[in-house]
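The values are calculated or read from the model by the stated rules, or taken from the named source; none is laboratory data. What you are looking at is a predicted structure, and each value in this text was computed from that prediction instead of being measured. Note that we place each Cβ from the backbone using ideal geometry, even for glycine, and neighbour counts take in every protein chain shown.
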Amino acid sequence: MAAINEAWTVLGDPKRRAEYDRLLAEPAPAPPPSPPRPPRHATAARQAAVEDDAEPGWVDHTGDLRRFRMLITGVVVLLGLIMLLVFVFIIWPQSA
């Protein structure tokens, strides 16, 4: 209701109505340019986010985690091969 009363007071006064009409006739200001879109690829998006949001003293450990996973995977595969060799060459011949 307050907005309607305000509109009525503006449109009812000839001076204020002329000012309102003049504002409507002016072209609207151009919107500010939109920020660049982040990359669609997940790794590139992570890197962009790290570069944009990095705090001083913050270190990205993404590569370290990837190397750790590869190390653990290698250790598990190596242990599996050792167990297979022990079974094939030691346990199986003794059971026959």
For this session: Determine whether the stretch 22-41 contains at least one residue that is modelled with pLDDT under 80, surrounded by 10 or more Cβ atoms within 10 Å (Cβ to Cβ), part of a helix (DSSP H, G or I) and within 24 Å of the chain's Cα centre (by Cα).
Result: no
Exercise. Looking at (1) surrounded by 10 or more Cβ atoms within 10 Å (Cβ to Cβ); (2) modelled with pLDDT under 85, which is the one condition that is false for G63?
Worked result: (1)
